[in-house]
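Report on the structure given below.
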């Protein structure tokens with residue numbers, strides 16, 4: 001009796017239904033599937049009919065007017081979204097109400113913090129550019145979040161605008177996916193100008209990144225300049241030539257290693273600072289190119305992420321892929 005009871009309980013499990021469906025014995029949603037041994041569904045049913053049934057099933061699942069579960073979920077989702085926005089607004093306004101008044105003599109946010117940046121910034125960070133020292137040392141955690149926001153935004157745009165591919169990895173709509181629809185029409189003037197300007201733009205962007213800790217500039221501005229150079233090259237020579245050195249794989253590798261190094265480097269710095277330990281990273285001589293500790297490599301990481309993000313956004317909006 002117990003074995004029979006255990007068998008009935010087992011037959012109600014999701015795993016039992018799934019493996020029956022996998023073996024072709026039963027579909028938990030469509031019912032029994034009658035198939036002879038050695039035959040497949042594709043051999044007996046035309047592909048057009050399979051596609052039509054699949055489309056009808058999807059339309060039925062997303063038929064909001066007649067699907068009660070989706071209607072209830074949609075209403076619940078809307079109410080929950082409004083409540084969340086109201087709660088977030090309340091918390092933000094509450095925090096603002098506790099902020100000290102602007103111009104108050106004893107205001108620590110206006111006096112102590114800014115004075116610390118100006119008076120001790122050079123000694124503590126080794127960066128002549130106080131803004132860079134503040135962004136990549138005192139507030140490096142915020143900058144890490146900003147870099148991740150750029151990366152996540154690019155991935156989101158890629159999901160929304162990508163061109164669908166079939167099982168063999170080929171783009172489905174060949175007419176729409178033809179690169180010639182997005183390529184420049186061999187504009188000799190534009191190509192000649194790009195040949196001269198693109199190397200200068202990229203070199204200048206590298207200069208701005210590498211000198212960000214000793215002069216105005218840094219990773220964000222230098223990365224934007226390099227990204228503009230890549231976009232100009234793409235407009236002049238098209239995707240075919242640009243993809244020789246910059247592809248989707250290139251973007252993933254650069255962003256992964258840049259963000260990983262940034263995270264690990266600052267995690268080490270934060271840990272050593274929180275425990276009042278020497279990090280062992282020399283600040284160097286202020287004003288020299290190899291100075292300011294981790295700020296120089298962090299500037300390079302930020303610049304790479306920004307440059308790749310700018311080019312990726314443009315490529316995605318123009319073509320739907322790299």
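Report D for the stretch 230-287 in µm² per second (integer): Stokes-Einstein, Kirkwood Rh on Cα pairs, 37 °C, 0.692 mPa s. Once the numbers are plugged in, D ends up at 222 µm²/s.
Could you tell me the calculated FRET efficiency between residue 193 and residue 314, based on Cβ-Cβ distance and R0 = 22 angstrom, to the nearest 0.05?
Once rounded, the FRET efficiency stands at 0.75.
Each peptide in 276-287, 190-201 was scored by the mean count of other Cβ atoms within 10 Å over its residues; highest first, the order is 190-201, 276-287. Each peptide in 118-125, 147-154, 223-230 was scored by the mean count of other Cβ atoms within 10 Å over its residues; highest first, the order is 223-230, 147-154, 118-125. Here the simple spin-label model places points 7 Å from the Cα toward Cβ, and for residue 157 and residue 203 these points are separated by 2.9 nm.
Rg and Dmax of the stretch 273-322, both derived from C-alpha coordinates alone, stand at 17.6, 51 Å. Length gained on full extension, residue 290 to residue 131: 55.5 nm, using 0.36 nm per residue less the C-alpha separation.
Label separation (residue 281 vs residue 252): 2.9 nm, computed from points 7 Å beyond Cα along the C-beta direction. Once the chain from residue 97 to residue 75 is taken as fully extended at 0.36 nm per residue, the excess over their C-alpha distance is 4.6 nm.
Listing 301, 255, 85 from fewest to most neighbouring C-beta atoms within 10 Å gives 85, 255, 301.
The numbers here are math on the coordinates, done by the rules we state, and not lab data. Source: prediction; values computed, not measured. Cβ: placed from backbone, ideal geometry, glycine included. Neighbour counts: every protein chain shown.
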